[in-house]
Amino acid sequence: MPSAKASDGVTLHYEETGSGLPIIFVHEFAGDHRSWEPQLRHFGRRYRCIAYNARGYPPSAVPEDVSFYSQARAADDIRDVLKHLGIDRAHVVGLSMGGFATLHFGLTYPYMAVSLTVAGCGYGAEPGKRQQFQQEAEAAAARFRSDGSQKVAEGYALGAARVQFQNKDPRGWDEFRRQLGEHSATGSALTLLGVQRDRPSLYDLKDKLAKLVVPTLIVNGDEDEPCLDPGLMLKRTIPSSALVVLPRTGHTFNIEEPDLFNRVLGDFLAQVDAGRWTLRDPRSVSASILGSR
């Protein structure tokens, strides 16, 4: 199986397909590289597509010390996979945990990003909910350690922003649930503690985000409540961004609504590739309610 070695020695499993401009896909906490199959099949016809497993997600290595897991390390792992493949610049597409990693990658390595797609990003970011999120992350980590991934998956897959997927596509949802149950309990627990619990709030990054000029697409589901307000904040802060909200859709929308997500993403990539993605026109920001001069 192909693997890349991160700068701290951790091996990261990846798969790739297609040729052309590269796209790297970065998965969510409850997914892995398999979650991007609808995108690999679609975009692999026109792009060189790479999907990899984060550290802690076999067949990637599972370090057993929490110090190997962090938000900064997650961004560096994107860099290290690209460097291993000899790729200088790529479109970067991340969902949820992967969306956070994509955003931090853009802030840290903007010269390596052709574009950023920050999807389903915002869990625990709101200042008033940060302590609650950290407590829930610790409790979930404890459940993984005590009950194992298969049992935790039964409840996790029925979260408030996951039931939309179950209602629309029970077969696809069941595959998602089964794959989550195959994850390393140790890797999942340490990811929750090192990456998710301890990551900085997006609201504390507003000064840096306001300077981000890499073309950025923000995508959320309208029934994914923890991401809606942070998504608006990101749109209002990042001058190179656009916001898309998918109707009657939850958190795992790349597999819940793959055709819709692929159309939205494909249109964005086409505009970026054509050099037509620009910064927001400052005239569109006004204190006037009517917007008149």
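Please treat every number below as a calculation from the coordinates, not as lab data. As the structure is a prediction and not an experimental result, all values here were calculated from the model. Using ideal geometry, Cβ is built from the backbone for each residue, glycine included, and neighbour counts are taken over all protein chains shown.
Odds and ends about this structure:
- Crossing angle, helix 170-181 versus the chain [Cα axis fit, 0-90 degrees, rounded to tens]: 60
- Stretchable slack from Q135 to S19, in nm (0.36 nm times residue separation minus alpha-carbon distance): 37.4 nm
- Cβ-based exposure ranking for M97, M233, M1, in which fewest neighbours within 10 Å come first: M1, M233, M97
- Fluctuation leader among R55, R280, R89 - the chain, Gaussian network, Cα springs under 10 angstrom: R280
- Residue-count net charge about S70 - beta-carbon cut-off 13 Å; Lys, Arg +1, Asp, Glu -1: -1
- Value at 222 nm in deg cm²/dmol, rounded to 500, when DSSP H runs of n ≥ 4 in the chain each add -39,500 (n - 2.57): -12000 deg cm²/dmol
- Of all the options R283, R46, R73, the one that moves most in a Gaussian network model of the chain with Cα springs shorter than 10 angstrom is R283.
- In order along segment 35-44, phi translates into HN-Hα couplings of 5, 9, 4, x, 7, 4, 5, 6, 7, x Hz, rounded to whole numbers, per the Karplus curve 6.51 cos²θ - 1.76 cosθ + 1.60 with θ = phi - 60° and x for Gly and Pro.
- Close Lys-Lys pairs in the chain, where close means Cα under 15 Å and separation is 8 or more or interchain: 4
- 0 to 90° range, to nearest 10: angle between helix 225-237 axis and the chain longest Cα axis: 40
- For Q271 and T108, a Förster radius of 22 Å and the Cβ-Cβ distance give a FRET efficiency of 0.35, rounded to the nearest 0.05.
- Summary value for segment 50-141: 21 percent relative contact order, contacts being C-alpha pairs under 8 angstrom separated by 6+ residues.
- Segment 20-106: C-alpha gyration tensor shape, a/c 1.5 cut-off, then a/b vs b/c: prolate
- With Cα atoms, 0 to 90° folded angle of helix 258-273 axis to the chain main axis: 50
- Entry note, the chain: relative contact order of 19 percent, from Cα contacts under 8 Å with a spacing of 6+ residues.
- Note on the chain: GNM, Cα springs under 10 Å; of P110, P226, P127, the largest mean-square fluctuation is that of P127.
- Cα gyration tensor, segment 55-181 - rounded (a/c under 1.5), prolate or oblate: prolate
- Net length available on complete extension from K5 to V245 is 82.8 nm, with 0.36 nm assigned per residue and the Cα-Cα distance removed.
- Centre-to-centre, using Cα atoms only, segment 237-287 and segment 31-109 are separated by 20 Å.
- Cβ-to-Cβ counts within 10 Å put Y111, Y52, Y156 in ascending order as Y111, Y156, Y52, the fewest first.
- Shape call, the chain: gyration tensor on alpha carbons, a/c limit 1.5: rounded
- Among residues other than E223 with Cβ under 12 Å from its Cβ, the summed charge is -2 (Lys and Arg +1, Asp and Glu -1).
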